[in-house]
Amino acid sequence: MPAFPESVPVPLMRSVLMSSCLAAVVPMAIAVEADVVADVVVEGTERMHPDRVLNRLKTQVGQPVSQIVINDDVRTIEEMGAFANTTKSIERIEGGGIRVIFRVRELPYVGQVRLDGVGYFARQSIEKVITVKAGGYLNPLLVESDRRAILRDLRGKNYLNAQVRAITSVDDTTGIGSIVYAIDLGEQVKVARTRFEGLPPGAFKYFIDQELINRPGAKFEPEMLDLHDLTALRRHLVDLGYLDTVITKHMVEFFDEVPAFEERARHGPKLIPEGRRDNRVVISYWVDAGTRYRLGDVRFVGNTIVSEEQLRVAFALPKGEWFERREIELGKRDSLSLVRNRGYARAVLIEDPVADTTTHTVDLTLQMREGDKYALGRIDIDGNVKTNDAVIRRGLRLLPGDLWSDAKRDLSRRQILREGVFANDPRRPLRIEPLFETTKPHPAGDGLKEVDALVEVTEDRTGSFNFNIGFASSVGIIGQVSFVERNFDLWSLLRGQGWRGAAHRLEASASWSEDRTSLLLGWTNRHLMDSPYLFGMSFQRSDSSQLDWDEIRLATTARFGRNFLDNDLRLGLSYTYTDLKIEDIDADASNDALDGAGKYWINTFRTTQEYNQLDHPVFPTAGWRLELSQALNGGVGSLSAADEYYRLDNEFDGFLPLAASDLGGVTYFRLGQRLRFMGPVGDTEKVPFYDRLYGGGAAPRHRGFDRYDLGPTEINRNGLQARVGGNREWLTTGEFSFPLQGTNQGLRGVIFSDIGQVWGEGESFDIGDLRYAAGIGIRFPASFPIAFDLAYLIDAKDGEDRTQFHFTISGFNF
């Protein structure tokens, strides 16, 4: 690492620092305190008028001479920043009185301040900490102070190896100075690994890392080891029931990361202790967790509204279970809700644990303080800049006049979040809280009080304009232009009063690839006239050669629906008319497709039943959703079809949260299940080739296969192997998803497994036919949504590729 000399020479620094001290001790034997100041003079100014200095001084004509005041004036002159080497002297003048003389050396102006060695964005940050700017004075002390401030700023940004030199110069002709800060950033130090020695059962490194600031991949912040990470590690283990945990020691080791392009990176370790770069650290912790504690007896005291037995049943955690903080808090919450749901909004539980170090159990006494009983008065809403109040109020289940209820408050939050237009994370939570400062007696009397409530929301990004360019091994280069707005307001647009605010969904897109182009326009109002009824319409055209023929589809759809059970259950009915044209059939198409060129029409009626318990409509991390749909193509009175057949779709998605970071990012496991069935109706003998099931492709398909390559095949009359398509499909998906940036909408990693098969007409269902694939993937932030999956086909057969790569990239949200 290069060593730079100090920016200001030591003799010069010493002369500047000593000037004020020497001036302060100049003998003043010729004046006494009784003498009066007759004149004050400032000598040595060049560009600055002396009066600008005199106006700042406390030493004034006509005042008694004061050595203390004169010394203060010397400091005042130095603090102006324009002068150095300030001295003072006094002399008696004829006729009586004292003249006080301040001699200064005026510093040159600064004409330029330059930062060398940093880019544009780093320069913007550094300029904020510099105090000596162009137009100021070239004060060596302040320049040195700025140099150190720059160094602190860089090291605070994890450039621990940074070096800064301040180079000053003065033009002999103009007398204008310049400052150049020569910056060597060195290299940012990052955490390569964390090691934990002595972790007890039940403690997992991955979840501990999520709570550390110095986690693998993060920039190394040494001061946060003591301020945060050691405490966070101990707290994590204590919360698991290891109450006697001691972090016996920790150690930081610096390493050089071997660059990927070096030959040795392929054969040797990734980290080596050479000491040349010291750009990676390994942090080791030694833990003595002791014995894990269990829950002992649980008692409730102070409760008058509900019985202790009811509270204990709600607490649920039985005696003898591990004393885990998360389970204790859940039990307290459920017990407390029994009281708060009866109007006691200020009820609290005070925990009094007593640990027995012999039996390693914790007896828990929970003291209930119920407080006053409240009914709800006015409800105010704050934070909805674009969104109509009605969107929020239709989600409220806690209404004016109701007794306060945490259960209704939580249900209200869930209903509002389901609109999909509001954020909810630790930095921007959606809150519904009582305003106890507005408490007043309730008209009903009987000791009941009235309290107002405030709903605080933060509007999320609801609109997206995407320009997509991507690649997938199944389809090659793809592209898309799309616009989606989840907070559209059609009625306001028609009245000329804006176009956002009602939580309608508007979608328009155009996509293209080597084998498919598509246009889509759709609009959906999930709460028609703020009612529980849904209405939507869409139009789509697609030109495709993805299968073994060219087809043009024109489809128009109208959807109706109604919500039940606080919007958890939705029943729907839709009608779609499809006009289909098929031509240019390939030689390797199935036998029935070889004779299938022509035009077709399809009238489709579909009923849907959806039960939705997901915690967020766009980025779910908990809950589950079940959707069933039944479609009949033709066979309804005069609304027939070229071919009549039915289709049954059954889809399930479940999300199990496993851990959460400080920024709200949730690690979860997702289980998805899809079952599809098709069959002919009436005189139709079999499901037509153009609407059969073809498996394989990017999610939510089976990622172990190219698109449409999973399913039955045949040797057609041309002697070629042809894809036939099926009428039954099974697909099970398991995904372990974890936040890489700490938030749900940031970068996420995915480990997945797909299990599925498509069966053809006449084939019997056999669990042994299922095909298995596993892989990894990345999901990029919602503001720049990119995704890719790499899948490995576990049971590949002859002629099948073992790996499939699916990748898409899109644009930006607003």
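Quick check on my filter: what residues within the range 167-187 are part of a loop (DSSP other than H, G, I, E, B) and surrounded by fewer than 16 Cβ atoms within 10 Å (Cβ to Cβ)?
Selection gives Asp171, Asp172, Thr173, Thr174, Gly175, Ile176.
Picking from Asp244, Asp239, which residue would you name as being in contact with a strand residue (DSSP E or B) (Cβ under 9 Å, 6 or more places away or on another chain), under 21 Å from Glu211 (Cα atoms) and either buried (at least 18 other Cβ atoms within 10 Å of the Cβ) or at pLDDT 90 or above (or both)?
Asp244
Filter the range 613-629 down to residues that are in contact with a Phe, Trp or Tyr (Cβ under 7 Å, 6 or more places away or on another chain) and among the polar types (S, T, N, Q) and give me whichever is surrounded by the most Cβ atoms within 10 Å (Cβ to Cβ).
Step by step, filter the range 613-629, then rank; the result is Thr621.
Quick one: which of Arg346, Arg333 is in contact (Cβ under 8 Å) with a residue 24 or more places away in the chain and open to solvent by 50 Å² or more (accessible area, probe 1.4 Å)?
Testing whether each residue is in contact (Cβ under 8 Å) with a residue 24 or more places away in the chain and open to solvent by 50 Å² or more (accessible area, probe 1.4 Å) leaves just Arg346.
Out of Ile392, Ile432, Ile416, which single residue is open to solvent by less than 70 Å² (accessible area, probe 1.4 Å) and outside any helix (DSSP H, G or I)?
Details: Ile392 fails: outside any helix (DSSP H, G or I); Ile416 fails: outside any helix (DSSP H, G or I).
Exactly one of Ile392, Ile432, Ile416 is open to solvent by less than 70 Å² (accessible area, probe 1.4 Å) and outside any helix (DSSP H, G or I), namely Ile432.
Just one of (1) modelled with pLDDT of 90 or more; (2) in a loop (DSSP other than H, G, I, E, B); (3) open to solvent by less than 50 Å² (accessible area, probe 1.4 Å) trips up Val164, so point out which.
(2)
Looking at the range 132-143, can you tell me whether even one residue there is at positive phi and surrounded by 13 or more Cβ atoms within 10 Å (Cβ to Cβ)? Walk me through it before giving the result.
The initial filter retains those residues of the range 132-143 that are at positive phi, namely 135.
Next, from what is left, pick out any that are surrounded by 13 or more Cβ atoms within 10 Å (Cβ to Cβ): none.
Looking for residues that are at positive phi and surrounded by 13 or more Cβ atoms within 10 Å (Cβ to Cβ), one finds none in the range 132-143, hence no.
With Leu554, Leu547, Leu521, Leu494 as the choices, which residue is open to solvent by 20 Å² or more (accessible area, probe 1.4 Å) and without any contact (Cβ under 8 Å) to a residue 12 or more places away in the chain? If you could, list the steps in order and put the result at the bottom.
Details: Leu554 fails: without any contact (Cβ under 8 Å) to a residue 12 or more places away in the chain; Leu547 fails: without any contact (Cβ under 8 Å) to a residue 12 or more places away in the chain; Leu521 fails: without any contact (Cβ under 8 Å) to a residue 12 or more places away in the chain.
It is Leu494.
Which residue, of Ser125, Ser89, is open to solvent by less than 70 Å² (accessible area, probe 1.4 Å) and assigned to a helix (DSSP H, G or I)?
Result: Ser125 is the single residue among Ser125, Ser89 that is open to solvent by less than 70 Å² (accessible area, probe 1.4 Å) and assigned to a helix (DSSP H, G or I).
I need every pair where a residue in the range 800-811 that is assigned to a loop (DSSP other than H, G, I, E, B) has its Cβ under 6 Å from the Cβ of a residue that is modelled with pLDDT under 75 and surrounded by 14 or more Cβ atoms within 10 Å (Cβ to Cβ), sequence separation at least 6 or different chains.
Sorted first by the residue in the range 800-811, then by its partner, the pairs are Ser810/Asn466; Ser810/Asn468; Ser810/Pro785; Gly811/Asn466.
State yes or no: is Ala203 of a type in the set (Gly, Ala, Ser) and not in a loop (DSSP other than H, G, I, E, B)?
On the way: of a type in the set (Gly, Ala, Ser): yes; not in a loop (DSSP other than H, G, I, E, B): no.
Spelling it out, it is not the case that Ala203 is of a type in the set (Gly, Ala, Ser) and not in a loop (DSSP other than H, G, I, E, B).
What residue, among those in the range 263-283 that are within 23 Å of Lys219 (Cβ to Cβ) and over 31 Å from the mean Cα position of the chain (by Cα), is modelled with the lowest pLDDT? Steps first, please.
At the first step, the residues of the range 263-283 found to be within 23 Å of Lys219 (Cβ to Cβ) are 265, 269-283.
Retained after the next criterion (residues that are over 31 Å from the mean Cα position of the chain (by Cα)): 265, 269, 272-277.
On the way: Ala265: 57, Pro269: 74, Ile272: 77, Pro273: 76, Glu274: 70, Gly275: 66, Arg276: 69, Arg277: 67.
Among those residues, the one meeting the criterion is Ala265.
Select from the range 658-672 the residues that are buried (at least 17 other Cβ atoms within 10 Å of the Cβ) and over 28 Å from Leu233 (Cα atoms) and list them in ascending order.
Gly672
Output the residues belonging to the range 355-389 that are surrounded by fewer than 16 Cβ atoms within 10 Å (Cβ to Cβ), among the polar types (S, T, N, Q) and under 27 Å from the mean Cα position of the chain (by Cα).
none
For the range 113-137, which residues satisfy the criterion of being in contact with a strand residue (DSSP E or B) (Cβ under 7 Å, 6 or more places away or on another chain) and either without any contact (Cβ under 8 Å) to a residue 24 or more places away in the chain or among the aliphatic types (A, V, I, L, M) (or both)? Give the derivation first.
Here is the first cut: in the range 113-137, the residues in contact with a strand residue (DSSP E or B) (Cβ under 7 Å, 6 or more places away or on another chain) are 113-118, 123, 126, 130, 132-137.
Listed by number, the residues that qualify are Val113, Leu115, Val118, Arg123, Ile126, Ile130, Val132, Lys133, Ala134.
Please state which of the following conditions Pro620 fails to meet, knowing it meets all the rest: (1) modelled with pLDDT under 95; (2) under 30 Å from Arg461 (Cβ atoms); (3) touching a Lys or Arg at 6+ places or on another chain (Cβ under 8 Å).
(3)
Sort through Gly775, Gly734, Gly725, Gly756 and tell me the only one that's touching a His at 6+ places or on another chain (Cβ under 6 Å) and not acidic (Asp, Glu).
From the options Gly775, Gly734, Gly725, Gly756, the qualifying one is Gly756.
Considering only residues that are open to solvent by less than 60 Å² (accessible area, probe 1.4 Å) and part of a loop (DSSP other than H, G, I, E, B), look in the range 589-612 and name the one that is nearest to Ala558 (Cα to Cα).
Only one residue tops the list, namely Gly596.
Criterion first (touching a residue at least 24 places away in the same chain (Cβ under 8 Å) and either part of a loop (DSSP other than H, G, I, E, B) or more than 29 Å from Pro617 (Cβ to Cβ) (or both)) does Gly664 satisfy it?
Yes: the conditions hold for Gly664.
One line per residue, one yes/no per condition, for (1) surrounded by fewer than 17 Cβ atoms within 10 Å (Cβ to Cβ); (2) outside any loop (DSSP other than H, G, I, E, B); (3) at positive phi:
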{"position": "Leu632", "(1), (2), (3)": "no, yes, no"}
{"position": "Asp649", "(1), (2), (3)": "no, yes, no"}
{"position": "Leu656", "(1), (2), (3)": "yes, yes, no"}
{"position": "Arg676", "(1), (2), (3)": "no, yes, no"}
{"position": "Lys686", "(1), (2), (3)": "yes, no, no"}
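How many residues does the range 738-777 contain that are modelled with pLDDT of 90 or more, among the aliphatic types (A, V, I, L, M) and either open to solvent by less than 70 Å² (accessible area, probe 1.4 Å) or in a loop (DSSP other than H, G, I, E, B) (or both)?
Count: 6.
Among the residues of the range 782-799, write down those that are open to solvent by less than 30 Å² (accessible area, probe 1.4 Å), assigned to a loop (DSSP other than H, G, I, E, B) and either touching an Asp or Glu at 6+ places or on another chain (Cβ under 8 Å) or modelled with pLDDT under 90 (or both).
Listed by number, the list holds a single entry, Ala782.
Please work out if Val191 is over 30 Å from Asp39 (Cα atoms), in contact with a Lys or Arg (Cβ under 9 Å, 6 or more places away or on another chain) and surrounded by 15 or more Cβ atoms within 10 Å (Cβ to Cβ).
Yes: the conditions hold for Val191.
For the range 316-330, which residues satisfy the criterion of being touching a residue at least 24 places away in the same chain (Cβ under 8 Å) and either of a type outside the set (A, V, I, L, M, F, W, C) or part of a helix (DSSP H, G or I) (or both)?
Restricting attention to the range 316-330, the residues satisfying the condition of being touching a residue at least 24 places away in the same chain (Cβ under 8 Å) are 319-326, 328.
Listed by number, the residues that qualify are Lys319, Gly320, Glu321, Glu324, Arg325, Arg326, Ile328.
The values are calculated or read from the model by the stated rules, or taken from the named source; none is laboratory data. These numbers come from a predicted model, not from an experiment. Heads up, the Cβs are rebuilt from the backbone with ideal geometry, glycines too, and the neighbour counts pull from every protein chain shown. What goes into the accessible areas is simple: the full protein's heavy atoms, side chains included, and nothing from ligands, DNA or RNA. Shrake-Rupley method; radii C 1.70, N 1.55, O 1.52, S 1.80 Å.
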